[in-house]
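The values are calculated or read from the model by the stated rules, or taken from the named source; none is laboratory data. The model shown is predicted, which means the values in this text are computed figures rather than measured ones. Here Cβ is always computed from backbone atoms with ideal geometry, including for glycine, and neighbour counts include all displayed protein chains. For the accessible areas, the whole protein counts, side chains as well, though only heavy atoms, and no ligand, DNA or RNA atoms are used. Shrake-Rupley method; radii C 1.70, N 1.55, O 1.52, S 1.80 Å.
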Amino acid sequence: MTLLYDVFVIGKPKAQPRPKAARIGNYIRIYTPDTAKEWRQRIKNTFLCVRRSSQITEPCKADIDFYFKGKGQGFFSKRPDVDNLAKAVFDALTEIGIWKDDSLICDSRLKKYSGKQEGAAIRIYSLA
């Protein structure tokens, strides 16, 4: 296993919202709310500064530790859900071409912590 990226993204982690539907007359419009837009842009900007010359095209592992402001230190057991937090990260990295597709992630470890600094420590490993 080879470490490809070890990055800390500063900011309050946001979950990727689920698509919504709205009726407009006889039409139904499907859209995704922009609640995670700023967080995803932070992820993209941070990774664009350290992006490798080659795109990940082999199986990989993603370990992400999310940090939220809270009393004391330890695990953060409140919303948002850790899987939706990861989805925002994975989608942002797919959009800027870090990997061909997030389906290449074959292994992951996700944790939420409470502490002083908000953000996400993201480590990506090659499994090839």
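Figures for the structure shown
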{"item": "Which numbered condition Glu95 misses (of (1) at negative phi; (2) surrounded by fewer than 17 Cβ atoms within 10 Å (Cβ to Cβ); (3) more than 15 Å from the chain's Cα centre (by Cα))", "result": "(3)"}
{"item": "Filter result (exposed (fewer than 14 other Cβ atoms within 10 Å of the Cβ) and on the phi > 0 side of the Ramachandran plot) within the range 4-31", "result": "Gly25"}
{"item": "Inter-residue pairs, beta-carbon under 7 Å, first free of Cβ contacts under 8 Å to residues at least 24 places away in the same chain and farther than 25 Å from Gly97 by Cβ and in the range 26-45, second open to solvent by less than 60 Å² (accessible area, probe 1.4 Å) and outside any loop (DSSP other than H, G, I, E, B), 6+ apart", "result": "Arg29/Ala22"}
{"item": "Answer from Asp34, Asp83, Asp107 - the residue that is in contact with a strand residue (DSSP E or B) (Cβ under 9 Å, 6 or more places away or on another chain), farther than 19 Å from Met1 by Cβ and either open to solvent by 50 Å² or more (accessible area, probe 1.4 Å) or in a loop (DSSP other than H, G, I, E, B) (or both)", "result": "Asp83"}
{"item": "Residue count, the range 37-68 (criterion: in a helix (DSSP H, G or I) and either hydrophobic (A, V, I, L, M, F, W, C) or more than 22 Å from Phe8 (Cβ to Cβ) (or both))", "result": "6"}
{"item": "Filter pass, Lys71 being crowded, with 17+ Cβ neighbours inside 10 Å and either of a type in the set (Lys, Arg) or assigned to a loop (DSSP other than H, G, I, E, B) (or both)", "result": "no"}
